[in-house]
Each structure stands twice: as C-alpha cells, then as structure tokens.
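Colleague: Below: one structure in structure tokens.
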Amino acid sequence: MDRVAEAMRAVARQEFLPPTQRERAGLDVPLGIGHGATCSQPSTVAETLRLLDARPGHAVLDVGSGSGWTAALLDHLVTPGGTVVGVELDPALVSFARRNLTAFLGDLAPRVEQAVPRRLGWPDDGPYDRILVSAEALDVPETLVAQLADDGRMVIPVRGRMTVVDREGDGLRIEQSGAYTFVPLREE
C-alpha cells in the first residue's frame, strides 16, 4: 500500500484550513491560510512526502509548517516511535498550526515552534533523519544541511526545482526534479 496516499486519506486537509477555505479543501490547488502563506496543493504535498520517504521511528523537522497539515501528515508517517517538530516564522501561523494539530491529534500532536529570526530550522532537537521545507530557497541552506543526521534526507524547493539532498557520510548527493512554485524561504 502507498503509505503517503494512506496518510493523505487519514489526515483531512480541511481540518487545517481557515473556515472560509474548507469547502475548497478537495481542490488540487494551493489555498491561502493568511499572513502571506498557503496550504500547498495536495498533489505537490504528496510528491514531496514520497521524495522525503519518512518512516516509523524517524525524527523529522517540518520547516514552514503553516497550518500544521504537513506536520500531521509527517506524524502519521513516522508513527510509531518517530517525532515531528514544526517551525514557523509568523507567530499567528504558529498559533493556528498548534490549534489545528491539537484539535486533530490531541495531546500527542507534533510541536510547532516559533522560528528564531535569522536562524533556519530548529537545531535544538537535531539531528533529524528527515527535513521537509515548504518554502523556496535560492540555494541549499547549509544551516539545514548541518541539522541532517548521517544518512538523512532533506526535500526543499530550490529556484523552482524540487531538490532532494541526501547526506552520505561527509558528502551530499543532490538531485532535482519537477518545477514547483512556493512562497520564498525567509529567515527575518
């Protein structure tokens, strides 16, 4: 069975959208969640999750958690035994994601932390087996690569191309596929 498809069925997108967008949850389009952020279209989320290949027991960092939907999907993929930490820059989105995750998953919901200005990721809980970035970078950020565990993987849009970064010993293997549009990755 396709684990990502099963996660997408189990974690309803509509539960992570503002009330004004919920009737559009089934459309395969990005939907605004306020504060200049979007909830990515389901086909894009499914593709990034397949590339990420998060498995039970993995520690995962979700950069740009937005509404919390990807954190909930990741939580589904890494259970049992895994952990998910989300990071979001906008305080209003941090609160929105936390409320959504708690309403959907209760006390076992993944954490969403307020990003520290000018510091990408959440090194406090690293290293991570997987890092998912839901915002477009100009280059592969070294600060996020440094948070990857040995044999870890990061999926990040870079200059319009979905990029898979695999840590292999002291080196990296970087592959790109598909053209995508995301909001810009900000460090502010």
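Read-outs throughout are calculated quantities, based only on the coordinates presented, and are distinct from any laboratory measurement. Just so you know, these numbers come straight off a predicted model, no measurement behind them. Glycine gets a Cβ as well: all are built from the backbone with ideal geometry, and neighbour counts include every protein chain shown.
Colleague: How large is Rg over Rh for region 90-154, taking Rg from the Cα atoms and Rh as the Kirkwood inverse mean of 1/r across Cα pairs?
Modeller: Here Rg/Rh amounts to 1.00.
Colleague: What is the diffusion coefficient of the chain in µm²/s, taking the Kirkwood radius over Cα pairs and the Stokes-Einstein relation at 37 °C with a viscosity of 0.692 mPa s?
Modeller: Estimated diffusion coefficient is 203 µm²/s.
Colleague: About the Cα centre, and with charges only on the beta carbon of Lys, Arg (+1) and Asp, Glu (-1), how big is the dipole of the chain? Nearest 20 debye, please.
Modeller: Rounded to the nearest 20 debye, it is 500 debye.
Colleague: If you count, for each residue, the other Cβ atoms within 10 Å and average over each peptide, how do 26-32, 100-106 line up from highest to lowest?
Modeller: 100-106, 26-32
Colleague: Another question, if that's okay. Just need the relative contact order of the chain here, percent rounded to a whole number, with Cα pairs under 8 Å and 6+ apart.
Modeller: 17 percent
Colleague: Continuing with this model, one more query. For region 133-187 and region 39-80, what is the centre-to-centre distance using only Cα atoms, to the nearest Å?
Modeller: Between the Cα centres of region 133-187 and region 39-80 lies a distance of 15 Å.
Colleague: Using the Kirkwood radius over C-alpha pairs as Rh, can you work out the diffusion coefficient of region 35-114 via Stokes-Einstein at 25 °C, viscosity 0.890 mPa s, in µm² per second?
Modeller: Reported coefficient: 197 µm²/s.
Colleague: Per DSSP H run of at least 4 residues, take -39500 (n - 2.57); add these up for the chain, divide by its residues and hand me the 222 nm value, nearest 500 deg cm²/dmol.
Modeller: Computed mean residue ellipticity for the chain: -7500 deg cm²/dmol.
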